[in-house]
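To start, the structure under review is shown below, and the notes come after it.
The values are calculated or read from the model by the stated rules, or taken from the named source; none is laboratory data. All values derive from a computational prediction rather than experimental measurement. Here the Cβ positions follow ideal geometry from the backbone for every residue, glycine too, while neighbour counts run over all protein chains shown. Side chains included, ligands, DNA and RNA excluded: accessible areas come from the protein's heavy atoms. Shrake-Rupley method; radii C 1.70, N 1.55, O 1.52, S 1.80 Å.
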Amino acid sequence: MVEFFVVYDNEAKDGFVSSWGFSCYIRSKVKVLFDTGWDGSILLHNLNLAGIDDFDYIFLSHQHWDHIGGLNHVIDRTSCVVVPQSFSRNLKNEIRRKADLIEVKDMRKIDEGIYTTGELGDFIKEQSLVVELDDGFFVVTGCSHPGLDVILKTAERLGKIRGVMGGFHGFSRIEILRRYEIVVPCHCTMYKQEILKLKNARECYAGCSFRI
């Protein structure tokens, strides 16, 4: 059983605070905070409300302010930060002062049950998280700048993909998403309303959670 809990998004349920950006907590065999939103005070508020206080890894998808801005507020809650190799030297040096740093270039296993797609894309380099389930895998994306179809095809090298969540950016080949059991469009998804019409789609907002 794997738990997914959105702790930062453009939308939020009562009590949680919304803001532009994305962060999701994943609890499987290890605990991961995927991205950190923009405003660290909002991230801390939502984490505290969810009762989440520590994680084995902070996993950063790409070096955009709305995905890494809250890092300094939560880096003391982990011992390891996973970043694409293309992150700036200065930022990587700052992270090293406070935690162990794992730099990612290619697809690889990070720990028991969690993998990275490796750096994808040309102009904007981005990694996505692949979480192992009992029967298949689940993909978590930041903004999908390399293309959601490219990310999913890469993740399929590990095995059957049962679902995907996160920012899908301008991805418009919505029919492709019908093949998955769960699709959760978040944050920067341009065609969110169209995707939410799919029977396998779920709404995303700070404070939402589900288990697989």
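Residues that are open to solvent by less than 30 Å² (accessible area, probe 1.4 Å) and over 19 Å from Val130 (Cβ atoms) number at least 2 in the following helices (runs of 4 or more DSSP H) confined to region 1-81: 40-50, 71-74.
Kindly indicate the residue of region 155-212 that is closer than 25 Å to Arg27 by Cβ and of a type in the set (D, E, K, R) and also least open to solvent (accessible area, probe 1.4 Å) among those meeting that condition. Out of the qualifying residues, it is Arg162. Of all the numbered requirements in (1) open to solvent by 80 Å² or more (accessible area, probe 1.4 Å); (2) part of a helix (DSSP H, G or I), Lys98 misses one, and that requirement is (2). Scanning region 101-148 for residues that are more than 20 Å from Gly159 (Cα to Cα), in a loop (DSSP other than H, G, I, E, B) and aliphatic (A, V, I, L, M) yields a single hit, Ile124.
Out of curiosity, is Glu126 open to solvent by less than 50 Å² (accessible area, probe 1.4 Å) and farther than 15 Å from Pro185 by Cα? Taking the combined requirement at face value, the residue satisfies it.
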